[in-house]
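Written below as structure tokens is the structure these notes are about.
The values are calculated or read from the model by the stated rules, or taken from the named source; none is laboratory data. This is a predicted model, so every value here is computed, not measured. We place every Cβ from the backbone using ideal geometry, glycine too, and count neighbours over all the protein chains shown. The protein model used for the area step is the full one, side chains on, heavy atoms only, and it has no ligands, DNA or RNA in it. Shrake-Rupley method; radii C 1.70, N 1.55, O 1.52, S 1.80 Å.
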Amino acid sequence: MADVRWRTTVAAVLVVSAALLVGAFALVLMVRGSLRDGLEATAEQRASAILQQAERPPPDDDLLWQLTSPDGAVQRSGVPLPDSAADRVRLPGADDQYLVVTENEDGYRVSVAVSLEDVDESTDALITPLAVGLPLLVLLVGGVTWVVASRALAPVERIRREVEEITADRLDRRVPEPESRDEIGRLARTMNQMLVRLEDSRDRQRAFVADASHELRSPVASIRQVAEVAQAHPAALPEGELAGTVLEESARLQRLVDQLLLLTRADDGGSGRVRHDVDLDDLALAEARRVSRTGLAVDTKAVGPGRIRGDASALAQVVRNLTDNAARHAAATMAVGVRQSGGTVELTVDDDGPGIPEDQWERVFDRFVRLDEARAADAGGSGLGLAIVREIVTAHGGTVAVTRSALGGARFTVRFQAGFSEPPASSGA
């Protein structure tokens, strides 16, 4: 910050110094020119008066003049003067310089000389205070600039000191926000908003890691428990139970890892994937046929044409997760619908299950949330399916919500913009 203060002060001093020097120089020239013009006008008036009385020129003790008649006779009031005008001449025996004005009329030529002493004295009298006052004024400007810059940058220094103390474990801290609504105030508020986002991201990441660790620990513990029993008491387990348990739990692990990877890609906005026109009705009918093979009644009468632009595999995952969730909770029937209205394509999935309490409609899309905690993981899912749905839908510019279904259970509604164009690719890995 000191560098900024120095640069600001030096820049201000240089600019003001240059402006004052130019202004002082112009002022001196203007005053000197004005005084000289006044003397010249006086000399010209005196020369005209002498020409009018050329035969008997009046005496003048204040001015030096010289009159030359047509026959060459010369009359003068003092020392000889030049025959032509001159801005500055030094006359014999004079200490000061003179301004000489020459006029001609009817063969007479008159030269009048006026002393420039008053001009020089007035100019010197003006230069002296300028020579003293300008440096003082420059010092004053430099001091004021330093103080103002210091006060203006003081909040920046406080923000810097606070940011220096913020670490990954102390994201709850905030930088001081000045009361002013200038650029520094907006910077402080923007940084605090960024810290809020970072803190929220850190908390969600920690919760995600903790939940993922918990979910992964369960199948690993099952495999280890069966393996330890088989090692300690080989005859205690029925034949093939060890292999079956390992196969079942490893498949569970694979499903969980696949969902975690899919969720990570959804968080990244599906960067790098090519988007095409996707018929959402085809995806819905395909999933309906798959679920109906399990013996569950699936109503597809509400499926109509609906085309959006996006990643086909990701959108297929959305439809699969929603239908799997409905099939897992449905008692006997579920329904799938697709309709396009204006610029919106809507996907609905209904079930006749127990439904979702209204106070859980938002929470149900959080990661690792299972409202039926008492059920086994195999029956209740990993708690990632709906979170994956929300991330993919959001990445495609859509929305997803849950309400009560006419069938008695839950209705999940996904809305996309028809012909949704590809968003900018994320820079993340």
Scanning the stretch 343-357 for residues that are in contact (Cβ under 8 Å) with a residue 40 or more places away in the chain and either open to solvent by 60 Å² or more (accessible area, probe 1.4 Å) or among the small types (G, A, S) (or both) gives G343, G353, P354, G355
Counting only residues in the stretch 98-107 that are open to solvent by 40 Å² or more (accessible area, probe 1.4 Å) and touching a residue at least 40 places away in the same chain (Cβ under 8 Å), the one nearest to S180 (Cα to Cα) is identified as E103
Among S111, S77, S69, S84, the single one that is polar (S, T, N, Q) and in contact with a Gly (Cβ under 9 Å, 6 or more places away or on another chain) is S69
Criterion first (open to solvent by 70 Å² or more (accessible area, probe 1.4 Å) and part of a helix (DSSP H, G or I)) does Q205 satisfy it?
yes
The residue that is farthest from L195 (Cα to Cα), considering only those in the stretch 134-168 that are without any contact (Cβ under 8 Å) to a residue 24 or more places away in the chain and within 24 Å of the chain's Cα centre (by Cα), is R151
Of the residues in the stretch 286-311, those that are buried (at least 17 other Cβ atoms within 10 Å of the Cβ) and among the aliphatic types (A, V, I, L, M) come to A288, V291, L296, V298, V303, I308
inquiry  = Quick check on the stretch 37-53. Is at least one of its residues modelled with pLDDT of 85 or more, surrounded by 12 or more Cβ atoms within 10 Å (Cβ to Cβ), under 30 Å from G133 (Cβ atoms) and within 60 Å of the chain's Cα centre (by Cα)?
reply    = no
Conditions (1) open to solvent by less than 50 Å² (accessible area, probe 1.4 Å); (2) at pLDDT 85 or above; (3) of a type outside the set (A, V, I, L, M, F, W, C) -> E162 fails only (2)
Checklist entry - Right, R173: closer than 30 Å to V13 by Cα, open to solvent by 50 Å² or more (accessible area, probe 1.4 Å) and either out of contact with any strand residue (DSSP E or B) (no Cβ under 9 Å at 6 or more places or on another chain) or in a helix (DSSP H, G or I) (or both) or not? => result no
Boolean, I127 is open to solvent by less than 40 Å² (accessible area, probe 1.4 Å) and not aromatic (F, W, Y): no
Taking the stretch 317-335 and keeping only residues that are within 15 Å of A286 (Cα to Cα) and open to solvent by 30 Å² or more (accessible area, probe 1.4 Å), one is left with Q317, R320, D324, A327
Among V79, V4, the single one that is at pLDDT below 85, under 30 Å from L136 (Cα atoms), surrounded by 13 or more Cβ atoms within 10 Å (Cβ to Cβ) and out of contact with any Asp or Glu (no Cβ under 6 Å at 6 or more places or on another chain) is V4
Requiring at least 1 residues that are closer than 30 Å to L20 by Cα and among the hydroxyl-bearing types (S, T, Y), the strands (runs of 3 or more DSSP E) wholly within the stretch 50-166 are none
R328 fails exactly one of (1) part of a loop (DSSP other than H, G, I, E, B); (2) touching a residue at least 40 places away in the same chain (Cβ under 8 Å), namely (1)
